[in-house]
Amino acid sequence: MMGIASLNPSYERTVMNFDDTPQEAAFRAEVRAWIAVNAPKQYEEELKKASLGRTQLKGANILEVAKAWQKKKADAGWACLHWPKEYGGRGATPIERVIWQQEEGAFGKLSAMFIIGWCQLFSEPAGGSDVAGLRTRAERKGDDWIINGQKIWTSGAHYSDYGILLTRTDPNVPKHKGLTMFFLDMKSPGVEIKPIKQANGQSEFNEVYFTDVKIPDAQRLGAVNDGWNVSLTTLMNERMSIGAGVATGFPELFEFCNNLMLEDGPAIDDRSVRSKLAGWAVKASGLKYTSMRAISALSKGERPGPENSIGKLVAGSMVQDVAAYALDLQGAAGVLSGPEDAEAAGKFQAMLLRAPGTRVEGGTDEIMRNIIAERVLGLPGDIRVDKDVPFNKIPTRGRG
Ligand SMILES: Cc1cc2nc3c(=O)[nH]c(=O)nc-3n(C[C@H](O)[C@H](O)[C@H](O)COP(=O)(O)OP(=O)(O)OC[C@H]3O[C@@H](n4cnc5c(N)ncnc54)[C@H](O)[C@@H]3O)c2cc1C
C-alpha cells in the first residue's frame, strides 16, 4: 500500500515522526540487551498466545513466575522505571516507559498483575460508577481508624500484600467531600476476602469485608476528607501505567485469518473477510496513534487527557466484535472452549468472555461517553442531583 507521504509530497513536512531519537534508540538497545539475557524465555511462546483473559501457564503458577520476573527487574532497576533513582527507580521519561513496554512484549503480561502495585478497594455494591457514593466507614479512635463495610470487584485482593482503601469519614458533607484514603495490610485482623467466580472460570476479583479493622493514622494517604482527590490521582496514574498498550484483538485475528482454511479456500483470500479486516485495521491504527498522541503529551509534562477514555471505549467493544467474528469463522467448532480442542488454542473464546469485563472495569462505556461528551465535546454535564447534598441526606432505600 502506498504511504500517505508518497501520495502528496507537501504533506510529508507535516507528517508526525515516530522514530526514536538517538537517546531513545540507545535506551531501547540497552533494554533489548537486558531482556534478551534475563527474561524467562521458556514461557515466551505461551505468553504470546495468552491473549486477553487467558492468564494461566501450563505446569507453572503464573503468579510465582510473575513475581520472579518482577524481582529480577527490581534488582536491576527496571521495575519502577518512572520512580526517582533514590527510591529504587530509574527516573525514566514516559517515552522510555513506552519503549520498555514495547521491548518487554509478551513478558509484559507477567507484569500486568503489578500494574497498580497493590489492590484498589474502591467499588462497593452501592458505589461503582458513582464511587463517591460508597458507604464503608472509617471512624477515628485515638491514633487509629476503625473500618467497617464491604468492597466488591477488588482485582487481585487474594494475592496482594497491601490494598488502598477509600472510606467515608464524614457523612455530613456532600459525598465527594467526606472521603479519606488509607493503605492497609491485607492480612489485618477483620479483613475477609471472598473470590468471585467469573464466566471464564477464573477468579481475578473478590468481595472484601471489613469488620472493626484497625488502621493506624500513619497509614492515611492525603488529608482527612481529601480522599476524592487522592483517588483521582491514583486513577490518573493507573491510566498512565497502561501506556501504549491498547489491546484490540486485531493482530491475533489477522494471524488467525492468515492460517484458516474456509470451505472455498484460505480465509485471507475471502472478500468479506478482507473487508472486515480492513475496517478493523483502520480502527487499530486510529487507536495506536491516539495513544501515541497521549504519550507525546505526557512526555511534554501535560496531564493525561480524555484520549484515554476514547481508547478504552473503542478498544473494549472492538475486542468483543473481533472475538465474536473469529468464532463465527470457526463455525460449529467455535463453541469449543478448551484450549486443547478449540482453534487458536481457545484464544478467541477467552477473549470474548473477558471483553465485557474490559468494558466495565475502570469506568463503563457509558461513563467513558459521559467523559468524552463533557470534557472533549463540551456538551452539557450529566444531571447530578446529589452533588451538593450532604451524604446522609441523600434519600436511599438502604439507609434509615
Ligand atoms: C474486570 C473488572 C475488574 C475490576 N477491578 C476493580 C478493582 O480492582 N477495584 C475496584 O474498586 N473496582 C473494580 N472493578 C469495578 C468497576 O470499577 C465497576 O464495576 C464499574 O465502575 C461499574 O460500577 P458498577 O459495577 O457498580 O455498575 P453501576 O455503576 O451500577 O452501573 C450499572 C449500569 O449503569 C450505567 N450507568 C451508571 N451511571 C451512569 C451515568 N451517570 N450515566 C449513564 N449510565 C450510567 C453503567 O454504565 C452500567 O451500564 C472492576 C470491574 C471489573 C469488571
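The values are calculated or read from the model by the stated rules, or taken from the named source; none is laboratory data. Fair warning: this is a prediction, and the values are worked out from it, not measured in the lab. When we count neighbours, we look across all protein chains shown, and the Cβ atoms used for this are built from the backbone with ideal geometry, even at glycine. Note: areas computed on protein heavy atoms with side chains; ligands, DNA, RNA excluded. Shrake-Rupley method; radii C 1.70, N 1.55, O 1.52, S 1.80 Å.
Ala324 satisfies every condition listed in (1) more than 13 Å from the ligand (Cβ to nearest atom); (2) of a type outside the set (S, T, N, Q); (3) touching a residue at least 60 places away in the same chain (Cβ under 8 Å) except (3). Of the helices (runs of 4 or more DSSP H) that lie entirely inside segment 19-124, those containing 2 or more residues that are among the aliphatic types (A, V, I, L, M) and either open to solvent by 30 Å² or more (accessible area, probe 1.4 Å) or away from the ligand (no atom under 16 Å from the Cβ) (or both) span 22-38, 62-75, 94-104.
Scanning segment 358-382 for residues that are more than 17 Å from Val319 (Cα to Cα), within 6 Å of the ligand (Cβ to nearest atom) and assigned to a loop (DSSP other than H, G, I, E, B) yields a single hit, Asp382.
Just a yes or no: is a residue in segment 296-306 free of Cβ contacts under 8 Å to residues at least 40 places away in the same chain, crowded, with 19+ Cβ neighbours inside 10 Å and assigned to a helix (DSSP H, G or I)? Scanning segment 296-306 turns up no residue that is free of Cβ contacts under 8 Å to residues at least 40 places away in the same chain, crowded, with 19+ Cβ neighbours inside 10 Å and assigned to a helix (DSSP H, G or I). Looking at segment 125-176, the strands (runs of 3 or more DSSP E) lying wholly inside it that each contain 2 or more residues that are within 21 Å of Gly362 (Cα to Cα) and open to solvent by 20 Å² or more (accessible area, probe 1.4 Å) sit at 144-155.
Got at least one residue in segment 177-199 being open to solvent by less than 30 Å² (accessible area, probe 1.4 Å), hydroxyl-bearing (Ser, Thr, Tyr) and part of a strand (DSSP E or B)? Checked segment 177-199: at least one residue is open to solvent by less than 30 Å² (accessible area, probe 1.4 Å), hydroxyl-bearing (Ser, Thr, Tyr) and part of a strand (DSSP E or B). Of everything in segment 348-357 that is farther than 20 Å from Phe254 by Cβ and near the ligand (Cβ under 9 Å from one of its atoms), the residue that is most open to solvent (accessible area, probe 1.4 Å) is Pro356.
Contact annotation: residue pairs with Cβ atoms under 6 Å, 6 or more positions apart or on different chains, pairing a residue in segment 379-397 that is on the phi < 0 side of the Ramachandran plot with a partner that is within 12 Å of the ligand (Cβ to nearest atom) and small (Gly, Ala, Ser), are Leu379/Ala373. Among the residues of segment 151-165, are any under 30 Å from Val335 (Cβ atoms) and within 11 Å of the ligand (Cβ to nearest atom)? Yes: one or more hits. Taken together, the criteria exclude Ile193 from residues that are within 14 Å of the ligand (Cβ to nearest atom), touching a residue at least 60 places away in the same chain (Cβ under 8 Å) and among the hydrophobic types (A, V, I, L, M, F, W, C).
Within segment 62-75, residues that are without any contact (Cβ under 8 Å) to a residue 12 or more places away in the chain reach no partner that is open to solvent by 90 Å² or more (accessible area, probe 1.4 Å) and not in a helix (DSSP H, G or I) with beta carbons closer than 6 Å at six or more positions or on different chains. Considering the conditions (1) within 19 Å of Thr248 (Cβ to Cβ); (2) part of a helix (DSSP H, G or I), Ala332 is excluded by exactly one of them, (1). Scanning segment 79-126 for residues that are more than 19 Å from Glu64 (Cβ to Cβ) and among the basic types (Lys, Arg) yields Lys85, Arg90, Arg97. Pairs meeting the criteria (first residue in segment 278-289 and aliphatic (A, V, I, L, M), second residue outside any helix (DSSP H, G or I), beta carbons under 6 Å, at least 6 apart or on different chains) are Ala284/Thr248; Leu287/Val246.
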